[in-house]
Number of protein chains: 2
Amino acid sequence: MSETVTAQEGVLRELRVMIASGQLEPGQQVVQDALAASLGVSRVPLREALKVLEGEGQVIYHPHRGYFVANLSVDDLVEVYRIRSILEDEALRVGVPLLTDEDIEYLEDILSDVEAAATSGDVSAVTAANRRFHFALFEASNMPRLVRMIRNQWDATDAYRGVYFAAPANLKAMNAEHRNMIVALRNRDVAESIALQAAHRENSVAVVSQVISKAE
Amino acid sequence: MSETVTAQEGVLRELRVMIASGQLEPGQQVVQDALAASLGVSRVPLREALKVLEGEGQVIYHPHRGYFVANLSVDDLVEVYRIRSILEDEALRVGVPLLTDEDIEYLEDILSDVEAAATSGDVSAVTAANRRFHFALFEASNMPRLVRMIRNQWDATDAYRGVYFAAPANLKAMNAEHRNMIVALRNRDVAESIALQAAHRENSVAVVSQVISKAE
DNA sequence: CACATACTGATTGTATCCAATCTCAAGGAT
DNA sequence: ATCCTTGAGATTGGATACAATCAGTATGTG
């Protein structure tokens, strides 16, 4: 059961999915009346959800003209990933030394989920579990604001990342990286875990930048 | 002339001032009906402005209970400043080598404003000019998203920083720091400028943490 | 033909109204 | 006395209605 306390909360989730899945295409105007109707709500909660997405950089707002799905340039992409780097580095620098053995076990459990999803070829399950893995790790930093900022950076490129996990070769590489990461975490090796996280990020940026430059 | 295109834009500015000035106290509930009336608008644009502030961490939202002005704990404060550090370091690391001579002249002009305001004892003018100085410097990075994130961190502690510039000794110290910063920038000395910025931050965190721990 | 102007439909911005939910106090049961 | 229930008042959540603004087209003018 999805525990939606307010309509706008549910709208927000649906909008995120629509953007990440490309159902709302980058650059496209968000016509509030139509979208609200299709979501079965009025424009009021929709507009509040859009304000949240604006703050995250997922949509751009022009007064009296409306909201438009963000359309990242290559320069934007470079900036997003550079910011992601420094935020993630910090999360690991702080968090890795704080990891308990139970934390690492938990991370391994999630990793099993990732691999199971990969084996069964369920791309969206892989995406979700992969995300759970990394954010569980980031959360070890006990820095909720930092984690939220990292999440925003991930979200910012969601619309362009859809294809990554589709290729079996990528999946295999990712699994290997994750296993190496677990080893580094067991050793509480901050430098190594940062390096591995960076490598992981590089794969992502490569895919996304291809998608973006093709579109430009 | 304040060029306000939409009501919510003006409301947002006013709310920021009210929070930074303590007119809306940390922890206090934001009663929408009363506040909207006092601002001369309906609740709709007010609520959208509050959503923006929520995204910045300036207010906390509880569904069906409303918005409350953020009340930072010492832990929160530590996190905010740690995040500020890594973001500002990055902005300088990227920006300082890109500074043109004209940029530096411009920064010196702003510095004159700061000092003039300090001499005349206009605290709010000092605050504003000081902010202009630092953000003009950050913007040299050409990383608008990064600059926005830094701005959010500054805003997060505005409600607690009010007293800092009141003490003449602090003003003097700040001016000296700024002048040292200009020297470092002329030399395009990244490490030194980062160190000076860190020192500047330390002064701020000291004041704010005093205010917060007194309140706790 | 180029350019400015006025109009029209579409879309956003805001006010108002009512429903849903929460808080808190009073009363009753154990 | 403690805990649970119930209700009233206050406050938020959302739908609707209307005003303000914009984009694009048609019309007029040089």
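Of the residues making up region B:82-110, those that are touching a residue at least 24 places away in the same chain (Cβ under 8 Å), within 12 Å of another protein chain (Cβ to nearest Cβ) and surrounded by fewer than 20 Cβ atoms within 10 Å (Cβ to Cβ) are B:Ser85, B:Asp89, B:Arg93, B:Val94. If only residues of region A:21-53 that are in a helix (DSSP H, G or I), open to solvent by less than 40 Å² (accessible area, probe 1.4 Å) and of a type in the set (A, V, I, L, M, F, W, C) are counted, the one that is farthest from DNA strand D (Cβ to nearest atom) is A:Leu53.
Determine if region A:54-76 includes at least one residue that is assigned to a helix (DSSP H, G or I), more than 9 Å from DNA strand D (Cβ to nearest atom) and open to solvent by less than 20 Å² (accessible area, probe 1.4 Å). For region A:54-76, residues assigned to a helix (DSSP H, G or I), more than 9 Å from DNA strand D (Cβ to nearest atom) and open to solvent by less than 20 Å² (accessible area, probe 1.4 Å): absent. When region B:2-20 is examined, which residues are found to be surrounded by 17 or more Cβ atoms within 10 Å (Cβ to Cβ), more than 16 Å from DNA strand C (Cβ to nearest atom) and free of Cβ contacts under 8 Å to residues at least 60 places away in the same chain? If the condition is that a residue be surrounded by 17 or more Cβ atoms within 10 Å (Cβ to Cβ), more than 16 Å from DNA strand C (Cβ to nearest atom) and free of Cβ contacts under 8 Å to residues at least 60 places away in the same chain, then B:Met18 is the only one that fits. Screening the candidates A:Ala198, A:Ala159, A:Ala118 for the property of being of a type in the set (A, V, I, L, M) and within 27 Å of B:Tyr81 (Cα to Cα) yields one hit, A:Ala198. Inspect region B:112-127 for any residue being outside any helix (DSSP H, G or I) and either open to solvent by 50 Å² or more (accessible area, probe 1.4 Å) or within 25 Å of B:Val205 (Cα to Cα) (or both) and give the result as yes or no. Yes: one or more hits.
Can you tell me which residue is nearest to B:Val126 (Cα to Cα) among those in region B:145-175 that are open to solvent by 40 Å² or more (accessible area, probe 1.4 Å) and at pLDDT 90 or above? Residue satisfying both the conditions and the ranking: B:Arg151.
So, A:Ala184, is that one more than 13 Å from the chain's Cα centre (by Cα), over 27 Å from A:Thr119 (Cα atoms) and surrounded by 17 or more Cβ atoms within 10 Å (Cβ to Cβ) or not? Against the criterion (more than 13 Å from the chain's Cα centre (by Cα), over 27 Å from A:Thr119 (Cα atoms) and surrounded by 17 or more Cβ atoms within 10 Å (Cβ to Cβ)), A:Ala184 does not qualify. Criterion first (surrounded by fewer than 16 Cβ atoms within 10 Å (Cβ to Cβ) and in contact with a helix residue (DSSP H, G or I) (Cβ under 7 Å, 6 or more places away or on another chain)) does B:Glu192 satisfy it? So B:Glu192 does not fit the description; no.
Only a single item in (1) more than 29 Å from B:Asn175 (Cα to Cα); (2) within 14 Å of another protein chain (Cβ to nearest Cβ) is not met by B:Asp33, and it is number (2).
Evaluated against (1) farther than 22 Å from B:Gly55 by Cα; (2) touching a Lys or Arg at 6+ places or on another chain (Cβ under 8 Å); (3) within 16 Å of DNA strand D (Cβ to nearest atom), A:Val96 falls short on exactly one condition, (3).
The values are calculated or read from the model by the stated rules, or taken from the named source; none is laboratory data. Only a predicted model underlies this, so the values are computations on that prediction, with no experimental measurement involved. Quick reminder, even Gly has a Cβ in these numbers, built from the backbone with ideal geometry, and neighbours come from all protein chains shown. The protein model used for the area step is the full one, side chains on, heavy atoms only, and it has no ligands, DNA or RNA in it. Shrake-Rupley method; radii C 1.70, N 1.55, O 1.52, S 1.80 Å.
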